[in-house]
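Engineer: Dropping the structure in here first, questions after.
The values are calculated or read from the model by the stated rules, or taken from the named source; none is laboratory data. None of the values given here were measured: they were computed from a predicted structure. Note: ideal-geometry Cβ built from the backbone for every residue, glycine included; neighbour counts use all protein chains shown.
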Amino acid sequence: MLQIEKVVKLLDDYHFDVFREYVKNISIRSYYPLLLLDSINRSIELEQSTEEFCEEIYTEDNPNDEKTKKKFFQLAHYTFKLTQFLSRNYPAYLAPNINKIQHFINNGHLNKANFYLNALLDISEKIEDFGTYITALNIQALQYELQENIKDVVKNYTRQAEIINYRSLVNQIYLYRQQHFSVKSKPKSNADIEAILSFFTVHFESKSLVVSALSQYFYLHGLNFFNAEPFFDKATFDKIEKLEKLLENNSYLVFPFLEDLEYRVAYLKLRSLIQNFDDNRVIELSAKILDNSEATFFWKNFASQPEIFSIAVQASYLSSKYNTAFKSNHLETLLDDVKKRLDTLYSRCEDLLEKDEILDTTAKHIAVTNSYACLLLLGNDSDNLKAIQLLEGLLFTYQQIPFHAYIDPIFAVKISAYFNLKDYEGLENCYRRYKKMTDKKSVNPENDFTIHVLYYTAKWLETNRNQYLKKLQKRIDETPERARNTKLLQDIIGYFDLDFFN
């Protein structure tokens, strides 16, 4: 029996209907997968032959032809992968079968119960639905015990122990992340970071794809979280793409409810691509994140976190590439497609900031507001002034709440806006406030570098004193190449004719 055939037979009416509707609305490619779903007899006791399916689906082809069969098996595999919709939105979609099996056994229909049990064991193992698989194994083990089949009882309980261990590892992975990923206790070196992240590396090759995928993700997430230099290496990017491929090839895997690993990995990939200024892939991946969020229902209750991340990434990308509002001809040189994209993002940020759940959640409110302000840097003087006012409102609103992790990006945007407006007095006041608020605290080196570049350049433009150019040169010399290799610095050097950097 085909795996997609077993899935359809195991689905209750609700889950079958929502899955069928999803397949129906995917795209024009939905025709054959939908036809396959409708061709499957949902009776668990009836198994259909390949020839029967081929005859019903490919009406103009010979059902016994090898090419037709090959085409059918590819269709069956593709349709089974579409169950990612169920795994993401209803990870316990197989669980209702436990009650069904118990009902049949209690009413004397052991054979029918075992039809469901065998199919359930196969699919729950395949998609790594640990909870359902363990329960199904336990029912089977106790049957063996009642039948005095000791050899299979031992084999079954051994398998249960393996799966219980995988489920425990998932819990340990999430717990370890919460216990060790802290901005306040950030590791001091790459070696320290690797020591912390070594917990995850030992599970990379786990036989459980869920354990392997989660451990790979949290390792990569840790490199990004701690701003480790290796995160931007090609080797790390290759690891991100390897994990992305694992999830793509095994899209049906079940992860904990409210976990959307695919978008998390896409975000890491975006971070890496942005560093390399890969325009086309950044925009393509941002769109993919937004598309995925629409197919993941639980984001409706969480202000579409993937959308917030996508906006933040696009804001960071666009501002790093087009933040030249300090130039007199900035708006004239800004590309039309960039202006259109900015208008769309402005509108979306304004819509989000009207939502109560955004305003009531500190982290989301700060993230959306800062993204919006970051995008406003690319506008006119009025937009830059609005960016300052928005961020000043944030600092006032949350003055009693410790939110140190957001300080340096907020001040990087504020100081950029003051620089664009040529308000050097406002910039200096903002800079001194930044230094006071971040005294002896860790900050993102890239944001800190941007702030100091703008501050020293502004002081030189204001006073024409070479001491500020020397301080700027010293800051550049002391900053790692990755952090100082910014387009903003290059634009400032070129526009203000700072030839001594060459």
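Engineer: So how many residues does region 147-157 have that are aliphatic (A, V, I, L, M) and either surrounded by 14 or more Cβ atoms within 10 Å (Cβ to Cβ) or within 23 Å of ALA95 (Cα to Cα) (or both)?
Structural biologist: Residues meeting the conditions: 1.
Engineer: Here's a follow-up. So which of LEU35, LEU94 is within 35 Å of the chain's Cα centre (by Cα) and touching a residue at least 24 places away in the same chain (Cβ under 8 Å)?
Structural biologist: LEU94
Engineer: I would also like to ask the following. Give me the pairs: first residue in region 429-457 and without any contact (Cβ under 8 Å) to a residue 60 or more places away in the chain, second residue surrounded by fewer than 19 Cβ atoms within 10 Å (Cβ to Cβ) and aromatic (Phe, Trp, Tyr), beta-carbon distance under 6 Å, and six or more apart or on different chains, which are they?
Structural biologist: Final answer for the pair search is TYR456/TYR468.
Engineer: Would you check if there is a residue in region 329-352 being in the same structural domain as GLN490 (by TED's automatic domain parsing), buried (at least 19 other Cβ atoms within 10 Å of the Cβ), modelled with pLDDT of 90 or more and not hydrophobic (A, V, I, L, M, F, W, C)?
Structural biologist: Checked against the condition, which is being in the same structural domain as GLN490 (by TED's automatic domain parsing), buried (at least 19 other Cβ atoms within 10 Å of the Cβ), modelled with pLDDT of 90 or more and not hydrophobic (A, V, I, L, M, F, W, C), region 329-352 yields no hits at all.
Engineer: Would you list the helices (runs of 4 or more DSSP H) that sit entirely within region 245-357 and hold 2 or more residues that are farther than 30 Å from THR132 by Cβ and in contact with a helix residue (DSSP H, G or I) (Cβ under 7 Å, 6 or more places away or on another chain)?
Structural biologist: 261-275, 279-295, 305-322, 336-352
Engineer: Does at least one position in region 319-326 carry a residue that is modelled with pLDDT under 85 and surrounded by 13 or more Cβ atoms within 10 Å (Cβ to Cβ)?
Structural biologist: Yes, region 319-326 contains at least one residue that is modelled with pLDDT under 85 and surrounded by 13 or more Cβ atoms within 10 Å (Cβ to Cβ).
Engineer: Across region 117-146, which residue is nearest to LEU253 (Cα to Cα) among those that are crowded, with 22+ Cβ neighbours inside 10 Å and of a type in the set (Ser, Thr, Tyr)?
Structural biologist: SER124
Engineer: Let me ask another. Could you list, in sequence order, the residues of region 374-394 that are buried (at least 17 other Cβ atoms within 10 Å of the Cβ) and over 23 Å from the mean Cα position of the chain (by Cα)?
Structural biologist: Restricting attention to region 374-394, the residues satisfying the condition of being buried (at least 17 other Cβ atoms within 10 Å of the Cβ) are 374-379, 383-385, 387-388, 390-391, 394.
Of everything in region 374-394, those that are buried (at least 17 other Cβ atoms within 10 Å of the Cβ) and over 23 Å from the mean Cα position of the chain (by Cα) turn out to be LEU376, LEU377, LEU378, GLY379, ASP383, ASN384, LEU385, ALA387, ILE388, LEU390, LEU391, LEU394.
Engineer: When only residues in region 36-69 that are touching an Asp or Glu at 6+ places or on another chain (Cβ under 8 Å) and assigned to a loop (DSSP other than H, G, I, E, B) count, which is surrounded by the most Cβ atoms within 10 Å (Cβ to Cβ)?
Structural biologist: ILE40
Engineer: Can you pull out every residue in region 358-386 that is in contact (Cβ under 8 Å) with a residue 60 or more places away in the chain and part of a loop (DSSP other than H, G, I, E, B)?
Structural biologist: Across region 358-386, the qualifying residue is only LEU378.
Engineer: Right, something else. If a residue counts only when it is under 22 Å from THR361 (Cβ atoms) and at pLDDT 90 or above, which helices (runs of 4 or more DSSP H) contained entirely in region 393-476 have at least 3 such residues?
Structural biologist: Because the criterion is at least 3 residues that are under 22 Å from THR361 (Cβ atoms) and at pLDDT 90 or above, the helices (runs of 4 or more DSSP H) in region 393-476 that meet it are 407-421.
Engineer: Sticking with this structure for a sec: With ALA195, ALA191, ALA213 as the choices, which residue is of a type in the set (A, V, I, L, M, F, W, C), over 25 Å from TYR133 (Cα atoms), part of a helix (DSSP H, G or I) and out of contact with any Pro (no Cβ under 9 Å at 6 or more places or on another chain)? Give the derivation first.
Structural biologist: On the way: ALA195 fails: out of contact with any Pro (no Cβ under 9 Å at 6 or more places or on another chain); ALA213 fails: over 25 Å from TYR133 (Cα atoms).
Only one candidate passes the filter, namely ALA191.
Engineer: Looking at ILE193, is it among the hydrophobic types (A, V, I, L, M, F, W, C) and at pLDDT 95 or above?
Structural biologist: When the stated conditions are applied, ILE193 does not pass them.
Engineer: Mind listing whichever residues of region 395-415 are among the polar types (S, T, N, Q) and either within 26 Å of the chain's Cα centre (by Cα) or under 20 Å from LEU353 (Cα atoms) (or both)?
Structural biologist: Within region 395-415, THR397, GLN399 meet the criteria.
Engineer: Also, quick follow-up: For the subset of region 70-84 comprising residues that are part of a helix (DSSP H, G or I) and either outside the structural domain of PHE115 (by TED's automatic domain parsing) or of a type in the set (A, V, I, L, M, F, W, C) (or both), which member is nearest to TYR22 (Cα to Cα)?
Structural biologist: Once the filter is applied, the top-ranked residue is PHE80.
Engineer: Looking at TYR157, TYR133, TYR174, which is the one that is more than 30 Å from ILE240 (Cβ to Cβ) and modelled with pLDDT of 95 or more? Even if it seems obvious, please write down each step before you answer.
Structural biologist: On the way: TYR133 fails: more than 30 Å from ILE240 (Cβ to Cβ); TYR174 fails: more than 30 Å from ILE240 (Cβ to Cβ).
Within the list TYR157, TYR133, TYR174, the selection yields TYR157.
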